[in-house]
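So the structure is just underneath, and the comments pick up after that.
Derivation of every value follows stated rules applied to the coordinates shown; laboratory data play no part. What you see is a predicted model, and the numbers here were worked out from it, not measured in a lab. Note that we place each Cβ from the backbone using ideal geometry, even for glycine, and neighbour counts take in every protein chain shown.
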Amino acid sequence: SAAPGIVKPLPSELFTVRGTNAESNFAALRDTGYLTPVERFFVRNHTSTPQPAARDWRLRLWGSGLRTNVGYDEAITLDLDHLRRLPAHTHTAAIECAGNGRSLYASQQGETVAGTPWTLGAIGVARWRGARLSDVLRRAGLRPDAVDVMPRGLDDPYVGGGIDYGRVRRPLPVAKALDDVLLAYEMNGEPLAPDHGAPVRVVVPSWVGISSIKWVGDIEVSAQPLYSPWNTEFYRMFGPAFPEGGGPPLTRQTLKSAFELPFGARLAAGATHRLTGRSWSGAGGVCRVEVSTDGGVRWRHAHLWDEPRRDGWVRWSVDWRPAGVGPALLLARASDTAGRTQPDRATFNTQGYLFDAVVRHPVTIG
Ligand code: MTE
Ligand code: MO
């Protein structure tokens, strides 16, 4: 069961395919460890997975933010061997689509939003290894007045609604680029797989997935702010709660929780069930998870299996012996080390980004 433009197999018990995107079925992550195996990791493609040959791959660095101030055609180039000779860093980090949870605006809040109707499986956590973007930028001659860098993918230009938006690209402020961003060539100890950006992708920990450009081919470095449709039209919040013309480009991810259980699962009455799930936040580690099995009347603390972990998730569980039979609603509510707790409602925005509300997860006892 392949999807157009995705290379790896997508068994239907593990993935739900929508167009060129494949969401991990969250319930199927239950038997995975802390890291999401590559073959279970969601895929979000604007078009389709290209397969550039690693030996021909070059990263081109150019723009007014470099001392050489050269255009694309005179770019400073770097091949995979160069990149591998730079100090290697590993970082365990989630990549999550900004629209993860989007379908819940409709199903939980009765609100209509535009975009791929993900449930909660547009996230995975992997151990990324590669060179620091800061090392590459400094070696390329970063000017002190550089403000933005814009990595661009080698995949086909994205055409939507008859508009050609060009290749997928999104500016990143220099401060973040110099902080913890990787040019990754390994995922979970293996060379990067084609669908996840081989031979090299950007990994921007804790920021919306669109920041982590796959199949990176060039990076513009600029002394002036840069723009692309991915920070002007998309990945910003539009709607009554936001300034006219939209909120700022999205950066950090929000706080979410998910049960590792299908929606509508049937649980046997009179038995003890271990309910498991995961919670994560772009603002810090998750340090508390409360669970309700009665639709939100009573809450108890879940047992956390992981320490609060910046850029990753924590796994948790509660044991539950349902008393009656019939429908029940499970809720999980996480808090993070930045002091946030998941709210009852997410803030409506027309493109359905950053859904963070406590989810009412229906099950049937009997
Ligand atoms: N990079 C390129 N070149 N093309 C893309 O379509 N999709 C982005 C980002 N990087 C994309 C891209 C989006 S929206 C997300 S959520 C993540 O990649 C998904 O990463 P994954 O497919 O490895 O899970
Ligand atoms: Mo995304």
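General observations
- Relative exposure of SER206, SER212, SER12, judged by other C-beta atoms within 10 Å (fewest first): SER12, SER206, SER212
- Loop-exposed GluC sites (Glu not before Pro) per DSSP, neighbour cap 15 Cβ within 10 angstrom, longest uninterrupted part of the chain: 14-232
- Spatial offset of the stretch 173-192 relative to the stretch 62-113 amounts to 8 Å, using the alpha carbon center of each.
- The aspartates and glutamates whose alpha-carbon is closer than 13 Å to the alpha-carbon of LYS214, local same-chain residues fewer than 8 away aside, are ASP155, ASP156, GLU186, ASP195.
- Label positions at PHE242 and SER48, each projected 7 Å from the Cα along the C-beta direction, are separated by 3.2 nm.
- Taking amide H positions as modeled 1.01 Å from N, with prolines and chain starts lacking one, the residues under 5 Å from ASN100 and 5 or more places away or on another chain are LEU354.
- When you filter the trypsin sites (Lys or Arg not before Pro) in the stretch 26-60 for DSSP loop state and at most 15 other Cβ atoms inside 10 Å of their Cβ, you are left with ARG30.
- Annotation for the stretch 262-331: trypsin sites (Lys or Arg not before Pro) lying in DSSP loop with at most 10 further Cβ atoms inside 10 Å of their Cβ are ARG298.
- For the stretch 72-165, the list of chymotrypsin sites (Phe, Trp or Tyr not before Pro) that fall in a loop by DSSP and count at most 11 other C-beta atoms within 10 angstrom is empty.
- In Hz, Karplus ³J(HN,Hα) per residue of the stretch 152-165 (6.51, -1.76, 1.60; θ = phi - 60°; x = Gly, Pro): 10, x, 8, 6, 4, x, 8, 10, x, x, x, 9, 8, 8
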